[in-house]
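Worksheet: the structure to be examined is printed underneath.
The values are calculated or read from the model by the stated rules, or taken from the named source; none is laboratory data. This is a predicted model, so every value here is computed, not measured. Cβ coordinates were reconstructed from backbone atoms using ideal geometry, including for glycine residues, and neighbour counts include every protein chain displayed.
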């Protein structure tokens, strides 16, 4: 019993210990695409903001609706300054109008959650080279991971759709990046 009493204060200190900074896993280059409102969207507009990305398509009958549902939960669980970006893996069908209807169906806040489509080569390069999730190359088989990006455009975390507690993990890490940002 004495040992337990002596350990309790140490456990309290451990619980209050600062979180280890997230690793830098890559960098997202600037890009230009089209959003759900048919407006040009530049990657530079995300500078100075923490953001979360995923890759989806509007006609998906598989994991995309679940991913978008999680993004909606992330929208609700994070600071209003955190941005959300869903990139198309099927730009032939993911028109701005299709994305606008899809966004509405998930209750996306248009000031925070951007659905981007456009040039296949740009989307493919982002998926494959920048995010390291694989290209969009003509098929709709794609990664189901979310990516956390810091205010300097650096990738700081990957989170699988099937990871337990993914929404709370992303929200916690996004808050840590906001704090790190100052």
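Take the conditions closer than 20 Å to residue 124 by Cα, surrounded by 10 or more Cβ atoms within 10 Å (Cβ to Cβ) and either at pLDDT below 85 or under 17 Å from the mean Cα position of the chain (by Cα) (or both) and apply them to residue 43. Does it pass?
yes
Go through (1) farther than 21 Å from residue 44 by Cβ; (2) in a helix (DSSP H, G or I) for residue 135 and report which single condition fails.
Of everything listed in (1) farther than 21 Å from residue 44 by Cβ; (2) in a helix (DSSP H, G or I), residue 135 misses just condition (2).
Within region 155-169, is there a residue that is in a helix (DSSP H, G or I), touching a residue at least 60 places away in the same chain (Cβ under 8 Å) and touching a helix residue (DSSP H, G or I) at 6+ places or on another chain (Cβ under 6 Å)?
Yes - at least one qualifying residue is present in region 155-169.
Looking only at region 61-73, decide whether some residue is in contact with a helix residue (DSSP H, G or I) (Cβ under 7 Å, 6 or more places away or on another chain), surrounded by 13 or more Cβ atoms within 10 Å (Cβ to Cβ) and at pLDDT 95 or above.
yes
Conditions tested, residue by residue: (1) surrounded by fewer than 20 Cβ atoms within 10 Å (Cβ to Cβ); (2) without any contact (Cβ under 8 Å) to a residue 40 or more places away in the chain.
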{"site": "78", "(1), (2)": "no, no"}
{"site": "84", "(1), (2)": "no, yes"}
{"site": "90", "(1), (2)": "no, no"}
{"site": "93", "(1), (2)": "yes, yes"}
{"site": "100", "(1), (2)": "yes, no"}
{"site": "103", "(1), (2)": "no, no"}
{"site": "109", "(1), (2)": "yes, yes"}
{"site": "116", "(1), (2)": "no, no"}
{"site": "119", "(1), (2)": "yes, no"}
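So which of 81, 86, 111 is at pLDDT 95 or above and under 13 Å from residue 33 (Cα atoms)?
Going through 81, 86, 111 in turn, the sole match is 86.
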